[in-house]
Amino acid sequence: MKSHRILAILIRHLYLYQRSVPRLMDIFFWPVTELLVWGFLSRYLESSGLGGVNVVTILLGALIFWDLLSQSQRAVSVVFLEEVWERNLLNIFVTPLKISEFLVSTVLIGLVRIVLVGITIAILAFVLYKFNIFIFGFSLIPFVLSLLLFGWAIGLFATGIILRFGSSAQVLAFGLTFLLQPFSAVFYPVSALPEWARYIAYFIPSTYVFEGMRGIINTGVFSWQSLGLAVVTNAAFIALVLWFFYKMFANVKEQGRLMKLD
């Protein structure tokens, strides 16, 4: 694995953001819009009185972390789709670039997006709603890393499906995470789900992240159990997704459909 090839892919996609309003909107506009909607809702619920529950902290904290997960997922899927739209996949993979190097570059692009989104909505949340994301302390780091890895795995899974079925499946690049949101216990605890839904939730790494973050808000205690379960489920999920992606990529190459992927 060569760092200069990874850096080349990273720089190529960062250049695209300089003069692309739609790409910048994907990073800033939608997360900010969600922040405003949920922020005003949380203020309204707080003013209505809910037995001392810190609605602003719970809802805005969950929203910010969910946006980080979504940005991580879309970074992987959209980077791949942009190469498909521009008919550039063949040009990339006839070079010495390895699949692993391409995947690492997508992780780095996701990190850049997460930093930009995180800083923007954290500042706005503090200015508009007096919400300080750093109330989570150092527990923020392992949980955010877990969300980043899970988002990257979801994006890779969506990319594998696009390889298999073509760009007609590209809707998954923008909506796959929302299929998992009801079971991830983002805005409510797992106990609020019906029994059948809990069995699904326990297989999703993000469930343990959001449960752990709520535990910190409610009790001030860091849950090593939640973090451990998030790491274990993430490892299993990533292993399966990598196997699936490499299998789909090999299948596309064998059939000579890399250039004709549309």
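The values are calculated or read from the model by the stated rules, or taken from the named source; none is laboratory data. Here the structure is a predicted model, which is why all the values come from computation and not from measurement. Neighbour counts run over all protein chains shown; Cβ positions are idealised from the backbone, glycine included.
Candidates are the residues of region 25-56 that are over 30 Å from Thr219 (Cα atoms) and either assigned to a loop (DSSP other than H, G, I, E, B) or acidic (Asp, Glu) (or both); the one that is modelled with the lowest pLDDT is Asp26. Condition first: within 27 Å of Asn132 (Cα to Cα) and touching a helix residue (DSSP H, G or I) at 6+ places or on another chain (Cβ under 8 Å). Can you find one or more residues in region 6-26 that meet it? Yes, some residue in region 6-26 is within 27 Å of Asn132 (Cα to Cα) and touching a helix residue (DSSP H, G or I) at 6+ places or on another chain (Cβ under 8 Å).
Considering (1) over 30 Å from Leu81 (Cβ atoms); (2) surrounded by 20 or more Cβ atoms within 10 Å (Cβ to Cβ); (3) modelled with pLDDT of 85 or more, the lone condition that Arg198 does not fulfil carries the number (2). Selection of region 197-219 for residues being under 14 Å from Ser139 (Cα atoms) and of a type in the set (Gly, Ala, Ser) yields Gly212, Gly215. Residue-level check: of (1) surrounded by 15 or more Cβ atoms within 10 Å (Cβ to Cβ); (2) among the β-branched types (Val, Ile, Thr); (3) assigned to a helix (DSSP H, G or I), Val186 misses just (3). A single entry from Phe93, Phe131, Phe157 fulfils the requirement of being buried (at least 20 other Cβ atoms within 10 Å of the Cβ), within 30 Å of Lys2 (Cα to Cα) and aromatic (Phe, Trp, Tyr): Phe157. All of (1) farther than 20 Å from Phe210 by Cα; (2) outside any helix (DSSP H, G or I) hold for Leu124 with one exception: (2). Among the residues making up region 210-230, those that are among the hydrophobic types (A, V, I, L, M, F, W, C), within 13 Å of Pro189 (Cβ to Cβ) and either assigned to a loop (DSSP other than H, G, I, E, B) or at pLDDT 80 or above (or both) are Phe210, Met213.
When region 1-24 is filtered for residues that are assigned to a helix (DSSP H, G or I), free of Cβ contacts under 8 Å to residues at least 12 places away in the same chain and surrounded by fewer than 13 Cβ atoms within 10 Å (Cβ to Cβ), the ones remaining, listed by number, are Ser3, His4, Ile11, Tyr15, Val21, Pro22.
Here region 236-259 is the region considered, the condition is being surrounded by 12 or more Cβ atoms within 10 Å (Cβ to Cβ) and not in a helix (DSSP H, G or I), and the residue that is modelled with the lowest pLDDT is Met259.
This table checks each residue for (1) more than 25 Å from Ile204 (Cβ to Cβ); (2) touching a Leu at 6+ places or on another chain (Cβ under 8 Å); (3) in contact (Cβ under 8 Å) with a residue 12 or more places away in the chain.
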| residue | (1), (2), (3) |
| --- | --- |
| Arg74 | no, no, yes |
| Arg87 | yes, no, yes |
| Pro96 | yes, no, yes |
| Ser105 | yes, yes, yes |
| Ile123 | yes, no, no |
| Phe143 | no, yes, yes |
| Ile162 | no, yes, yes |
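Against the criterion of being at pLDDT 85 or above and among the β-branched types (Val, Ile, Thr), Thr233 qualifies. Being at pLDDT below 80, out of contact with any Gly (no Cβ under 7 Å at 6 or more places or on another chain), part of a helix (DSSP H, G or I) and loosely packed, with under 15 Cβ neighbours inside 10 Å is a description that applies to Ser168.
Among the residues making up region 118-132, a single one is of a type in the set (A, V, I, L, M, F, W, C) and farther than 17 Å from Phe40 by Cα: Ile119. For the residues Ile141, Ile162, Ile119, Ile123, the requirement of being at pLDDT 80 or above, among the hydrophobic types (A, V, I, L, M, F, W, C), on the phi < 0 side of the Ramachandran plot and touching a helix residue (DSSP H, G or I) at 6+ places or on another chain (Cβ under 8 Å) singles out Ile162.
Pairs are defined by a Cβ separation below 7 Å, a sequence spacing of at least 6 or placement on different chains, a first member in region 193-206 that is in a helix (DSSP H, G or I), and a second member that is among the β-branched types (Val, Ile, Thr) and surrounded by 13 or more Cβ atoms within 10 Å (Cβ to Cβ); the pairs so defined are Arg198/Val190; Ala201/Val190; Ala201/Thr207; Pro205/Thr233.
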